[in-house]
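Here the structure comes first, spelled out in structure tokens, and everything after it is commentary.
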Amino acid sequence: PRPLTVRAHSAAVPLAQVARLAAVAASDGSPALRQGTHVQSWSLGMSDDRPPLTLPEERVVRWRADGSHTEVVVATDPSHPGRPVLTDEGLVEDGRVLSRRTFPPMWGDGPPLSTPPHDPAKLRAYLLDLIHGDTLTTSELLDATQELLDNWTLGARESAALAELLADAKGLRPAGQVTDRLGRTGQAYVYDEGGAGGRRMLILDPATGVVLGLETTFARDDPEYGVHAGDVMDYSAWMR
């Protein structure tokens, strides 16, 4: 896939402003937190002896009252990358089903099974526990955000708390307006990993602080694997 591009001459909204707007939007607590996720994702698989072959996937995970949950994974049509092929209930409208599984009841008192808090300080501690870390650098915060959103669909209050943590992250800079792979308009925030790391672009709804997507691109050429600076390494686009 082509990397997402920031709209030329678009205004870049500071993360601190997004955090303030998200706090206002969360005042009535709606929408509510929900366990499970609906995400479209893609990642580049590299090998020493063969070219990569990957397809975008869409996954819906839904939890039941008895602690069991279902997961449906579909390979989406790469010629229509912005079109969801699963309904929110896991019904397949298009695409090839890769797996359809039901898991027995599961409970736990630690992340990601435990409920994420909507207090920023407590959410920071939750994310540290989630990634088994001692610190929460910007790179680790983005990793933890991805892990969180692959397990939970955040409510307004949790999104506001996460936006506050992101506003305090060092090196995460506003880049301007972008249209994501699902056709949604958001604000892009870019972080350069440095060294051999990639360039990460986080996409937020500027009015609510909801995380729409996260993309990683290569920061430099790697002739051994035939990739170039700017090539997409992976992306995720989360839906509610």
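Points to keep in mind about this one:
- Backbone N under 12 Å from the residue 24 label point (7 Å along Cα→Cβ), restricted to the range 169-212: 207-208
- Fraction of the pair-distance distribution of the chain above 22 Å, Cα-Cα pairs, percent: 55 percent
- Length gained on full extension, residue 103 to residue 132: 8.0 nm, using 0.36 nm per residue less the C-alpha separation.
- Put 185, 138 in order of accessible area, highest first, and with a 1.4 Å probe you get 185, 138.
- Efficiency of FRET between residue 224 and residue 68 - r from beta-carbon atoms, R0 41 angstrom, step 0.05: 0.40
- A simple charge model with +1 on the Cβ of Lys and Arg, -1 on the Cβ of Asp and Glu and nothing else charged puts the dipole of the chain at about 640 debye relative to its Cα centre.
- Local charge for residue 129 was computed over the other residues whose Cβ lies under 15 Å away, with Lys and Arg +1 and Asp and Glu -1, and equals -4.
- Cut-off 20 Å (backbone N to label point 7 Å along Cα→Cβ of residue 49), residues of the range 197-227: 224-226
- Positive dipole terminus of the chain, leading residue within 70, 182, 219 (C-beta point charges): 182
- Note on residue 192 and residue 168: the model spin-label points, each 7 Å out from Cα along the C-beta direction, lie 2.6 nm apart.
- The solvent-accessible area of residue 66, taken with every protein chain present and a 1.4 Å probe, is close to 80 Å².
- Charged neighbours of residue 110, selected by a Cβ distance under 14 Å, balance to -2 (K, R count +1; D, E count -1).
- Estimated from helical segments only, the mean residue ellipticity of the chain at 222 nm is -6000 deg cm²/dmol, where each DSSP H run of four or more residues counts as -39500 (n - 2.57).
- Taking every Cα-Cα distance in the range 106-215 and sorting them into 5 Å bins starting at zero, the pair-distance distribution P(r) comes out as 2, 12, 23, 25, 20, 11, 5, 1, 0 percent.
- Note on residue 126: accessible area approximately 20 square angstrom, rounded to 10, probe 1.4 Å, nucleic acids and ligands left out.
- For the range 108-167: span of alpha carbons on each principal axis (Å, largest first): 29, 24, 19
- A Cβ-based charge dipole, computed about the Cα centre of the range 174-225 with Lys and Arg at +1 and Asp and Glu at -1, lands at about 220 debye.
The values are calculated or read from the model by the stated rules, or taken from the named source; none is laboratory data. Please read all numbers here as calculations on a predicted model, not as lab measurements. Here the Cβ is made from the backbone with ideal geometry for all residues, glycine too, and neighbour counts use every protein chain on show. We work out accessible area using only protein heavy atoms, side chains counted, and drop any ligands, DNA or RNA first. Shrake-Rupley method; radii C 1.70, N 1.55, O 1.52, S 1.80 Å.
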